[in-house]
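Here, each number is a calculation from the coordinates, and none is a lab measurement. Treat the numbers as computed from the prediction; the structure is a model and nothing was measured. Quick reminder, even Gly has a Cβ in these numbers, built from the backbone with ideal geometry, and neighbours come from all protein chains shown.
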Amino acid sequence: MLKGIDHRLNADLLQALRAMGHGDLIVLCDRNFPAQSVAQDTVLKRPLMLENLSSAEATSVILSVLPLDTFVDDYAMSMEVVGDPTGRPDVQREVDSCIAKFDGRSEPTRQVERFKFYDLAKTAYAIVQTGETRFFGCFIFRKGVIRPEDVIETKP
């Protein structure tokens, strides 16, 4: 356990989030996503697991330490519902609420067609598979920057 860090952030995920640079992508996916095969093309080469959390819970945990990119419009994306490109399932609305809470932006995640989502996911730093059972609980977040005034300096 660490002070000030959500206990659900495991060591592997913390290491990946810390190692990511500005603009790097992290995929948060549901249990139906082909995490193992897609992760082979990512920087990390293997999926990370948050199998006991929903997409919204995992988003909250990740965004508690990860800033989203403020220089681009595609800082948060979700997989488009097949056959209903304007659909917004509950799981996506819940994640949108988490983003608004941690990031302050209230627009919904940008929708990405399913196969384009898979292709984009292969370019990510890491894939994080959750225990989400609802369909279309798949998201991509683009890491932002920590402003100099937000860096916590330790003094002896």
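Listed by chain and number, the lysines placed with their C-alpha closer than 22 angstrom to that of LYS155 are LYS3; residues fewer than eight positions away on the same chain are left out. Summarising the label geometry, the points placed 7 Å from Cα in the beta-carbon direction at LYS3 and VAL151 lie 2.2 nm from one another.
Measuring r between the beta carbons of VAL65 and GLU113 and using R0 = 22 Å, the FRET efficiency lands at 0.15.
Note on the chain: GNM, Cα springs under 10 Å; of GLN129, GLN111, GLN36, the largest mean-square fluctuation is that of GLN36. Across segment 24-145, the relative contact order, built from alpha-carbon pairs under 8 Å that are at least six residues apart, equals 55 percent.
Look at where the Cα atoms of segment 1-55 and of segment 77-149 average out, and the two centres are 14 Å apart. Among the listed pairs LYS45/LYS116; LYS45/LYS143; LYS122/LYS143; LYS101/LYS143; LYS45/LYS101, those whose Cα-Cα separation exceeds 25 Å are LYS45/LYS101.
Helix 90-103 and the longest principal axis of the Cα set of the chain meet at an angle near 20°.
Between LYS122 and VAL72, the modelled label-to-label distance comes to 1.8 nm, taking each label 7 Å out from Cα in the direction of the beta carbon.
Note on the chain: antiparallel DSSP beta bridges, both residues inside, total approximately 45 percent of the bridges counted. Helix-only arithmetic for the chain: the sum of -39500 (n - 2.57) across DSSP H runs with n ≥ 4, divided by the residue total, places the mean residue ellipticity at 222 nm at -8000 deg cm²/dmol.
The region of the chain that goes longest without hitting one of the trypsin sites (Lys or Arg not before Pro) in a DSSP loop, each with at most 10 other Cβ atoms within 10 Å, is 46-156. Among ALA100, ALA76, ALA126, determine the one that fluctuates most according to a GNM of the chain built with springs between C-alpha atoms less than 10 Å apart. Looking only at ALA100, ALA76, ALA126, the largest GNM fluctuation is found for ALA100. Of the chymotrypsin sites (Phe, Trp or Tyr not before Pro) found in segment 1-109, those that fall in a DSSP loop while having at most 15 other beta-carbon atoms within 10 Å are PHE71. Within segment 34-131, the GluC sites (Glu not before Pro) that combine a DSSP coil assignment with at most 14 other C-beta atoms in a 10 angstrom radius are GLU51, GLU113.
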